[in-house]
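Nothing in this text is a laboratory measurement; each read-out follows from the coordinates by a stated rule. This one's a predicted model, so the numbers in the text were calculated from it and none came from an experiment. Cβ atoms come from the backbone with ideal geometry, glycine included; neighbour counts cover every protein chain shown.
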Amino acid sequence: MKNADTTKKTVTKHDWGRFNAMTEEQRHAAASSDPDAQPITPDNEKRMKGTPQVTVIRRALGLSQEAFATRFHIPLGTLRDWEQSRKEPDAAARAYLVVIARNPKAVSEALQPQPS
């Protein structure tokens, strides 16, 4: 296998002249008509999933990525993917992160090996 970069890179150039020629009202109308860029309404916000901020939780506990991953039995690569927004935690992982955020001591104690 070659060591060449196989990732296709696309450079998109934007024509800002058209945008700059628009009035503020025209810009607002254009943005409002885009179905993929609608503002968040209170109803939409209720339906949105809240993803726990992994980095915030980890930093609040004063732990490095390695220490957090070890303490809470999360693969280090997975933790890094979450923190760098390469992947989103699934429903079970989101629930686990909420529990860690609310009671990290109990989670740490529950994960300790029990004497036989």
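A few notes on this one:
- Relative contact order (%) - region 54-111, alpha-carbon pairs under 8 angstrom, separation at least six: 32
- The value obtained for region 54-111, namely the Cα convex hull volume divided by the number of residues, is 72 Å³ per residue.
- Each peptide in 26-32, 63-69, 110-116 gets a packing score, the mean of other Cβ atoms within 10 Å over its residues, and the list from highest to lowest is 63-69, 26-32, 110-116.
- Residue exposure sequence - 40, 100 - by fewest surrounding Cβ within 10 Å: 40, 100
- Chain lengthening between residue 105 and residue 70 when straightened (0.36 nm per residue, less Cα-Cα): 11.2 nm
- Cα-based equivalent ellipsoid, the chain: semi-axes from gyration tensor eigenvalues, Å: 42, 23, 12
- Extension gain from residue 84 to residue 61, taking 0.36 nm per residue of separation minus the Cα-Cα distance: 6.4 nm
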